[in-house]
Every structure is written in structure tokens, then in C-alpha cells.
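Data first, discussion second: the structure below is written as C-alpha cells.
The values are calculated or read from the model by the stated rules, or taken from the named source; none is laboratory data. From a predicted model like this one, the values you see are computed outputs, not experimental measurements. Because the Cβ atoms are built from the backbone with ideal geometry, glycine has one as well, and the counts that use them run over all protein chains shown.
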Amino acid sequence: MKKSFLLLLTSSLLLLVFLFFWFHPTIPLMSDESEYLRNAYLLTQGITGYSDEEFAYGFVGSDDRFFSRYPLTASIFIVPFLVGGLNTIFLFGLFFFLLGFFFFYKLLQENKLSPWWSFLYFGYLPFLYHATTLMMDLPSMALVLGAFYFYVKKKHGFCGIFLGLATLVKSTNFLAAIVIGVFILINIVKKKEKVCSLLKLVLGTVPFLIILLLHNWHVYGDFLGSGYFFIHNNFQFLFGHENASGLYFGNLFRYFLFLNVFYPGMLILAFLSKYSLRKEAIAYALLSLLFFSSVNAIVKLDPLNLISMYRFIFPIIPLLFIGYAHFFEQSVFSRFKKMKKHFGKIMLLCCVLSLVAFVPLFDLKSQGSSRSEKIITDIYANTVNDSLIIGVQEGNYFSELFGVRGYVGILRPVGFENGELVAENKTIEYLKNGKKVYVLYLDTPNYSYKSGISETKAVLDNIRNEHGSNLVYEKSYMIGNIFYNSEISVQLFELG
């Protein structure tokens, strides 16, 4: 390996780490992230769920059992990063970004591809964005990539372990296990491998599957259960939707476009190239696209969605990178010698441009994280422990990490059908027991599309009018740069 490449790669990694720490986020921005973080903290306290509605914000359940919609097995991977509190949790995303990079680099070596192709991964904006989050899509991708690396190396026991770990993160990673298992079985039939190869894969995977099944039984009451089964008014998949086929093929078409946008023609060219992992990569890509197009998430092609969404199919993308690189080396560089001579410089330039282009988004996300931290700090500073807060949104501004507060958000009834009724009953209960109750107005652009938002605010007004209230604090929080501006206004009232 050339020293010049190592020097430039190291410099690029240092630049990424510098940008990461300069714009270091501390508080999750998305409700999904908040729930993963909360689950990790609750695991350290030995808590897997609640029986009281006011502590079930963001959770799902029925009767007197409320728990996370996401498997606690995923949040296990965040627990080690809680060692330094909020100062270290976001090293989680960076760690799995680098782990995925390591396995991608090793796969390039196995495919005898130039190391310069590693910048395909390093400069990929969606990966860079998710490196700053607590979402489970980068860990999912990194572990699946590790499984494919050990599959190529014919270390099937380790392959099984990584598939098992990936399934703990996201049960949908069983798709990768199916593909690898089928191809090992085919090789056994063709007498290219021995039965012990499949046995090693199974022995590596099964212990983690047992852990997942036991978790499901303990939390959801069913070995094959899922938190999504308990969400009210929610369809996780398109099955049964009145326009299911139209939405399905629309999603499939947009996934197809997405995989050919960032790196022009990537999906098509990866399918056309010839390389040792081609059949497995194509089978996994097709299976994933067909499966995830049925998920009830209408993906779009605007700039923000291109970077932050499409995360479900992350595990297939590095494998497509390899096919993409093979196509250029086989069909392009053989005809255009000068391009081959200078392509390393081109890859480096594109990677640096990606990092530079990402700076405004790094900055905006950092501002958003700091704003969320200020809002949380102010809310907790102006309320007391063991109090109840009635609000509109989900509970991503509340967590046991910051103190004990009950919260009922009545706009989105995730765990219970009638948020208004729960808010009314809990308000009476807390006031009767001499505990503090607050009403929180939190106006954010993210909820401008929600139908019924004004009616929900009217419900908060009625609660205040019925019990009387005093303004505790009022403040506006602004973030922005030349591309985007956003303001959140907060009002907090104490009842009684």
C-alpha cells in the first residue's frame, strides 16, 4: 500500500473526527433516538417497562403494561457509551461508522480492489449524517458488513456471530442471514463446502436468536412479538392499505432512484459487473428492496430525505459499492487509462468535498442538539421532581436521565387510545395528592403538518381554564444558518 494513500486516508479520518468533535451533539433530535437512549439508561437501572401511563411517554402497551416499541436488545449497544453521560453517548454513531469502514476496507482487499475505493464509503453523506445519531441503522450496516466479510473469509462461526448481533440490533437483519445461509447451502450441494460450514453459521447465530426470543417473551408476552403490534392507529406495513400496490411500487421506484443518485448509476452498474460476491450482493439487495418497499414509510427524493432517510437499506449499500468499483476497474479504466491514473485524486477530492458540503448540516444538527439541551434544562429547572406535565408532542424532551417527571402528550396516543382522558384523570389524581401539575406549550415546525394540532392546544387551554394556572416561564429558541432557520416557542404554566 502506498504511503501517500495512508497519509491521505489518515488525514481524512482526522478531519472527520475533528468535525465530529467540533460539532459534537449531546441531545438526540429525533424521537426514535430519544427512545433508544432512554431504553439504554433504563436498562442500567434494571427497568424494562412501566405500569403508570405518565411514565409511558413514547412507549406502547396495553392495560397496565407499557414498554418501548423498539427491542431493548438494540439499546444494549448504547449502554457502554453512557460511561461519560451525555458527553460520550454520541461516540456510539462514530464508532459504528468506523467499524463499518474497517470491514468495507477489508472487503476491498479481499476483492483485490484499489484502496482508493474506500472513499466511496468515507464520503457517503447519509453515512456521515447517521454517524452523528443514536439511530440503529449504522450499527445494523456495520455488523451485516462484518458478517459478509467473515463469509468471504469462510469463517462461518464468526459470520454467524455477527449475524446474531445484527439481529439483536434489528430483527430485519434476518434477511442477510437468509441470503448467506442459502448460499452456503448451495455450496454444500455443489460440494464446494462441507456441512460443518452451515453448522458453524447456525451455532454462531442461534445464541443471539434465543436472547432475542426470550426478550420478546419477557417484554411483549410472545416469542415472536414486536412493540409495533401495540401501537394504536398505526400500520407498520402497507398490507391492507387501500392503495397498497401503488404505494409499494412508488417506494420501490424511489429506492431505485435513490441508489442511483449519490453515485450515478450505482445500483445498475453493480448488477452489471462481475465479482466473487456478485450473486450474494444482488440477492440481498433485491430481497431488501422488495421487503422494505412494503414498510409504511413514504420515502421522498428531496435533499433532506436523501441524507437522513432510506436508512432501512443501509446494509446493502457497501456491497453495491464493491460491485460499482469492479465495474469501473473492469469496463471503464481498461478503456480510459488516464482516468485510472488519476482516479485516486478524484476520489479524494470528492470525499473532501463531501466533508466540506456536510459542514453546514453538521453545524445545524449541532445547533439543534444544543437547543434541545437548553429546552430540557429549562423545563426541568422550572418544574419539580415527581410532578406531572401535560403537553402536546411525544416525550422526547423527557427522560429519567434528567429527573423524575411524569408526562402525558395528548397529540400522538402511542401507548393509549385516549390521551385527553389520561391527561384529565392524571391531572385530578396528582392535584388531589398535593403534587405539582404543569401544562407545556411547545410550538415547533415539526408539528405544523399534524392534523388536529390547534384542537389539541384548545384541550390544553381547557385544562388551564378548569384548574386555573400561572405562567412559570416563556422563551423562544432559534437556530439557523444560510440554508435553514427554525424557532421553537415554549410556554410553561403551573396549575392551581
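Identify the single condition in (1) crowded, with 17+ Cβ neighbours inside 10 Å; (2) at pLDDT 90 or above that residue 283 does not satisfy, given that it satisfies every other one. Here residue 283 clears every test but (1).
Would you confirm, using the coordinates I've provided, whether residue 399 is within 21 Å of the chain's Cα centre (by Cα) and surrounded by fewer than 18 Cβ atoms within 10 Å (Cβ to Cβ)?
Values: within 21 Å of the chain's Cα centre (by Cα): yes; surrounded by fewer than 18 Cβ atoms within 10 Å (Cβ to Cβ): no.
Here the answer is no, as residue 399 does not meet what is asked.
Taking residues in segment 462-475 that are within 25 Å of residue 377 (Cα to Cα), and partners anywhere that are in a helix (DSSP H, G or I), the pairs with Cβ atoms closer than 8 Å and at least 6 places apart or on different chains are 463/423; 463/424; 463/427; 473/378; 475/378.
Residues of segment 134-143 that are over 20 Å from residue 108 (Cβ atoms) and either in a helix (DSSP H, G or I) or out of contact with any Phe, Trp or Tyr (no Cβ under 8 Å at 6 or more places or on another chain) (or both): 137, 139, 140.
Could you say whether any residue in segment 124-131 is surrounded by fewer than 17 Cβ atoms within 10 Å (Cβ to Cβ) and in contact with a Leu (Cβ under 9 Å, 6 or more places away or on another chain)?
Our first condition is that a residue be surrounded by fewer than 17 Cβ atoms within 10 Å (Cβ to Cβ); within segment 124-131, this holds for none.
Looking through segment 124-131, none of the residues is surrounded by fewer than 17 Cβ atoms within 10 Å (Cβ to Cβ) and in contact with a Leu (Cβ under 9 Å, 6 or more places away or on another chain).
Just one of 208, 249, 183 is at pLDDT 85 or above, part of a helix (DSSP H, G or I) and closer than 30 Å to residue 304 by Cβ; which is it? Write out each step before concluding.
On the way: 208 fails: closer than 30 Å to residue 304 by Cβ; 183 fails: closer than 30 Å to residue 304 by Cβ.
Going through 208, 249, 183 in turn, just one is at pLDDT 85 or above, part of a helix (DSSP H, G or I) and closer than 30 Å to residue 304 by Cβ: 249.
From the list 248, 284, the one residue that fits, being in contact with a helix residue (DSSP H, G or I) (Cβ under 7 Å, 6 or more places away or on another chain), hydroxyl-bearing (Ser, Thr, Tyr) and touching a residue at least 40 places away in the same chain (Cβ under 8 Å), is 284.
Please work out if residue 238 is aliphatic (A, V, I, L, M), in contact (Cβ under 8 Å) with a residue 40 or more places away in the chain, within 29 Å of residue 75 (Cα to Cα) and touching a helix residue (DSSP H, G or I) at 6+ places or on another chain (Cβ under 6 Å).
On the way: aliphatic (A, V, I, L, M): yes; in contact (Cβ under 8 Å) with a residue 40 or more places away in the chain: yes; within 29 Å of residue 75 (Cα to Cα): yes; touching a helix residue (DSSP H, G or I) at 6+ places or on another chain (Cβ under 6 Å): yes.
Yes: the conditions hold for residue 238.
Of the residues making up segment 1-48, those that are closer than 20 Å to residue 82 by Cα and assigned to a loop (DSSP other than H, G, I, E, B) are 23, 24, 25, 26, 27, 28, 29, 30, 45, 46, 47, 48.
Residue-level check: of (1) farther than 26 Å from residue 430 by Cβ; (2) touching an Asp or Glu at 6+ places or on another chain (Cβ under 8 Å); (3) modelled with pLDDT under 85, residue 31 misses just (1).
The requirement of being of a type in the set (A, V, I, L, M, F, W, C), in contact with a Lys or Arg (Cβ under 9 Å, 6 or more places away or on another chain) and assigned to a loop (DSSP other than H, G, I, E, B) is fulfilled nowhere in segment 87-96; no residue meets it. Of all residues in segment 62-97, those being closer than 17 Å to residue 132 by Cβ and touching a residue at least 60 places away in the same chain (Cβ under 8 Å) number 6.
Any residue at all in segment 157-166 that's of a type outside the set (Phe, Trp, Tyr) and closer than 29 Å to residue 12 by Cβ? Within segment 157-166, one or more residues are of a type outside the set (Phe, Trp, Tyr) and closer than 29 Å to residue 12 by Cβ. Restricting segment 356-396 to residues that are more than 21 Å from residue 58 (Cβ to Cβ) and aliphatic (A, V, I, L, M) leaves a set whose member that is surrounded by the most Cβ atoms within 10 Å (Cβ to Cβ) is 361. Note on segment 144-161: residues that are without any contact (Cβ under 8 Å) to a residue 40 or more places away in the chain and either part of a helix (DSSP H, G or I) or acidic (Asp, Glu) (or both) total 2.
For segment 467-484, which residues satisfy the criterion of being surrounded by 13 or more Cβ atoms within 10 Å (Cβ to Cβ) and hydrophobic (A, V, I, L, M, F, W, C)? Once the filter is applied, which keeps residues that are surrounded by 13 or more Cβ atoms within 10 Å (Cβ to Cβ) and hydrophobic (A, V, I, L, M, F, W, C), segment 467-484 yields 472, 479.
Residues checked against (1) assigned by TED's automatic domain parsing to the domain that holds residue 98; (2) buried (at least 20 other Cβ atoms within 10 Å of the Cβ); (3) under 20 Å from residue 95 (Cβ atoms):
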residue: 8; (1), (2), (3): yes, no, no
residue: 21; (1), (2), (3): yes, no, yes
residue: 24; (1), (2), (3): yes, no, yes
residue: 34; (1), (2), (3): yes, yes, yes
residue: 46; (1), (2), (3): yes, no, no
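Only one of the listed residues (344, 323) is over 30 Å from residue 490 (Cα atoms), at pLDDT 80 or above and either outside the structural domain of residue 120 (by TED's automatic domain parsing) or small (Gly, Ala, Ser) (or both). That residue is 323.
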